[in-house]
Amino acid sequence: MPTAGATQPPAFERQYFKSLQELDEWAPGRSATRYEGVQKFIPRRPNAEALKRGRLLVCHDYKGGYTESLFSRSYTFNYWPYCESFIYFSHHRVTVPPPGWISAAHRQGVKMLGTLIFEGGGEEDTLRLLLGKTPTSVTGRNGRKDGKKSVPVSAHYAKVLAELARERGFDGYLLNLECPLTGQLDQARPLAAWISILQSELLEKVGPHAETIWYDSVVINGELQWQDRLNSVNLPFFLPSTGFFTNYTWPNFKPDQTAKYFESLPAELVGNTLQSHVHAVTKTVRDLYIGVDVWGRGSHGGGGFGLYKAMEHVAPRSSGLSVALFGQAWTWESEQDKQGWTWDKWWAHEMNLWIGPPGGDVPMPESKPKRGEPDCSHGEFRPISSFFSPLSPPDPFDARFSTSFCPGTGLGWFVEGTKVYESQTGWTDVDKQTSVGNLLWPNPTLFWDDDRTDEFPTASSAFCFDDAWTGGNSIRVSISLPGSEDELAAYCPLWLPVQSLHITPEKIYEATFIYKLDNDSAPGLDLEFALGFKPVVREAGQQPDPDVEWNVISSATTDLHNGWTKLHTIFNTTSNGGTSPCPTDIAAGLVVAIVAEEPTQPAQLSFLLGQLNVFAHVPPAFKEEEAVILWADMTPSASAASSRFEGTLTWDVFAELPQAKIELSGQDDPKATWNGQPTLPWFPSFLYFNIYARLMNNHDSDAKKDEKPMWIGTSGWDGQRNGFDVRPENLPFSVPRGGKVRFFVQGVNDCGEVMKWDNCAFVDVV
């Protein structure tokens with residue numbers, strides 16, 4: 001996140017491509033290192049029950065795409081636990097998801113797809129897609145063309161699109177051909193063959209998780225005929241794809257028709273027998289995504305808060321059919337111009353749609369039945385989350401879990417509890433988005449941490465943008481204790497779940513939680529906080545898994561700056577059920593022990609949640625390295641009109657190891673001279689880097705070392721791992737003639753720790 005205008009990337013780093021000819025100007029490898037900072041995809045580990053239910057695919061069509069501003073508050077998507085694939089959509093020929101959106105999705109184990117689209121006027125490019133790159137020389141075929149053959153198929157664009165996905169770090173494409181094929185049937189069959197080439201290239205270059213989703217549009221005779229279901233005239237395009245996205249104007253009986261048609265298909269055709277063709281992509285009913293438009297536009301139920309009516313006909317929990325939700329940013333776009341609109345009001349509006357309003361009342365859109373549609377009745381409003389099982393992020397043993405509870409937008413920036421930046425208009429940087437605590441909304445659920453069965457105290461959660469440990473915000477949790485005459489009321493041990501995680505039993509993990517008690521909070525109460533892990537209980541009356549036991553190996557508490565406190569725990573879970581150790585859903589949270597001086601009187605307390613990190617434990621003998629940045633460099637901008645302070649900062653991270661001592665009794669001594677490094681990832685890895693600047697004169701040296709440099713932004717928003725684009729507008733001061741600027745680079749690692757200042761590097765720019 002820079003604090004002023006960002007530089008535009010060169011042609012080979014275009015955000016998107018308006019035509020296939022533009023795509024041919026791109027070449028893989030020319031900018032590969034610029035996107036090394038994009039988070040890699042690590043899959044979740046859903047349980048067997050979740051694998052039987054339909055999935056949620058979200059198609060993000062927000063004002064045509066690429067309209068997010070770094071320098072104001074914009075829409076961000078925060079309901080990743082319910083989503084399994086996310087499409088970044090625009091009306092450009094090839095839509096490449098922005099780096100920040102890719103990283104945000106991958107942190108939560110969600111696939112991020114781009115879009116290949118052909119709309120009115122794109123007929124020529126649909127033919128070019130098959131024929132490949134146009135030659136520049138006079139050329140031709142030696143033999144005479146056989147008129148009985150179809151349009152030839154080239155693998156050129158399939159290879160280029162797969163290379164593009166690999167280089168930029170996303171996971172596949174939505175294929176949206178909304179214009180007729182001029183070659184009709186002779187072009188339709190090669191198109192289906194081309195899809196199989198694309199999927200094969202994606203599997204090779206991106207990985208086994210790669211996806212191609214076909215949108216219900218063109219049919220087998222080449223005509224544009226939306227079917228609103230899967231049937232025989234679009235089946236050939238579904239078979240080589242990994243999923244089918246129906247149009248959203250279907251009457252209420254078509255989802256059931258789609259499921260029945262799929263079940264009628266021969267098992268060998270959908271890849272479910274040993275005799276299936278080797279290139280067939282195995283299909284289940286979950287690969288059928290029934291389109292639902294949040295804007296309405298012909299959707300059953302009228303969209304908006306009426307979209308639950310459409311989802312009830314899809315019935316993902318019982319039928320196994322999946323949902324493709326289109327235009328979910330409706331909550332922002334439809335309300336943003338209304339008087340009194342604020343980000344906080346949007347958050348409440350968004351939460352109503354996804355999790356449900358506190359009172360249950362929502363504005364229901366008008367919805368008229370379609371011609372020939374049988375009558376149907378629907379009950380009260382149901383939020384989107386009620387149709388899907390929430391999924392935890394990837395196992396922290398596979399991908400370190402780190403959250404500062406940031407929704408991807410804020411009003412300031414904090415480093416170790418100190419505000420280093422403030423903005424009147426706010427900022428949006430999806431790369432900085434982390435989990436907002438999926439067990440905290442719409443209200444935290446409290447449990448007793450002992451055997452009592454009294455009524456639970458009430459709790460609420462809200463973002464706090466005025467104070468944070470790192471990043472742009474924290475979450476304020478407020479708890480109300482009723483007065484009680486009960487003899488146990490003086491002591492209240494509460495369990496507050498914050499975040500669900502997949503944990504593998506027997507493996508050892510390390511966790512830290514940073515919190516802060518609000519000023520003047522909890523008068524008359526003595527409080528003690530501990531970090532805890534317990535089986536997830538998502539619904540009232542649900543019993544936790546009795547076969548999972550949480551074991552504390554060690555714990556510690558450390559006071560930090562500005563009133564913040566750090567809890568540290570090393571733990572594992574054991575499975576008592578006798579089954580093989582498999583990932584278990586657990587909740588990370590806080591145990592809050594409360595002792596009241598006057599238990600008969602109601603009491604209030606509130607505290608801030610600043611940061612939660614969970615990762616594989618490495619024994620101390622192997623944790624000897626210290627991360628340092630030895631150097632930083634500035635590469636001036638290639639623009640002739642650029643300022644001397646316009647360019648790209650780069651740096652590299654190193655690991656320093658303790659000096660070894662040779663203490664061997666001889667050549668046959670079995671003792672190793674030093675500790676080896678584990679095979680699991682140990683080399684320092686960073687979430688982002690804070691960038692600072694200090695104005696200096698030419699005669700200044702380290703004599704000004706005690707002067708505080710000024711924060712000017714963070715790396716990562718544009719996909720760079722160890723790079724930051726600087727413009728004069730980034731600088732919070734003007735540089736006099738003969739002056740120089742010293743830039744500093746400070747890392748924040750993926751365990752949530754800010755690099756010591758003495759381990760950071762600087763570069764002087766004159």
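The values are calculated or read from the model by the stated rules, or taken from the named source; none is laboratory data. What you are looking at is a predicted structure, and each value in this text was computed from that prediction instead of being measured. All Cβ positions, even for glycine, are placed from backbone atoms using ideal geometry, and neighbour counts span all protein chains on display.
Some points to look at:
- Annotation: of all residues in the range 496-523 being of a type in the set (A, V, I, L, M, F, W, C) and crowded, with 20+ Cβ neighbours inside 10 Å, the one that is modelled with the lowest pLDDT is ILE503.
- Condition check for ASN443 on (1) surrounded by fewer than 17 Cβ atoms within 10 Å (Cβ to Cβ); (2) assigned to a loop (DSSP other than H, G, I, E, B); (3) more than 24 Å from the chain's Cα centre (by Cα): one failure, at (3).
- Matching helices (runs of 4 or more DSSP H) fully within the range 298-380 where at least 1 residues are in contact with a strand residue (DSSP E or B) (Cβ under 8 Å, 6 or more places away or on another chain) and either without any contact (Cβ under 8 Å) to a residue 40 or more places away in the chain or assigned by TED's automatic domain parsing to the domain that holds LEU288 (or both): 307-314, 316-319, 343-354
- The number of residues in the range 657-686 being within 39 Å of the chain's Cα centre (by Cα), exposed (fewer than 13 other Cβ atoms within 10 Å of the Cβ) and closer than 15 Å to GLU626 by Cβ comes to 3.
- Residue check for SER715: of a type in the set (Ser, Thr, Tyr), within 24 Å of HIS568 (Cα to Cα) and either in contact with a Lys or Arg (Cβ under 8 Å, 6 or more places away or on another chain) or in contact (Cβ under 8 Å) with a residue 24 or more places away in the chain (or both): no
- Residues that are surrounded by 24 or more Cβ atoms within 10 Å (Cβ to Cβ) and hydroxyl-bearing (Ser, Thr, Tyr), drawn from the range 149-195: TYR157, TYR173
- Filter pass, SER478 being of a type outside the set (D, E, K, R), farther than 20 Å from ASP585 by Cα and out of contact with any Leu (no Cβ under 8 Å at 6 or more places or on another chain): no
- Here the range 345-376 is the region considered, the condition is being farther than 30 Å from LEU440 by Cβ and touching a helix residue (DSSP H, G or I) at 6+ places or on another chain (Cβ under 9 Å), and the residue that is surrounded by the fewest Cβ atoms within 10 Å (Cβ to Cβ) is GLU366.
- The set of residues in the range 50-87 being charged (D, E, K, R) and either within 17 Å of the chain's Cα centre (by Cα) or not assigned by TED's automatic domain parsing to the domain that holds ALA315 (or both) consists of ARG55, ASP61, GLU68, GLU84.
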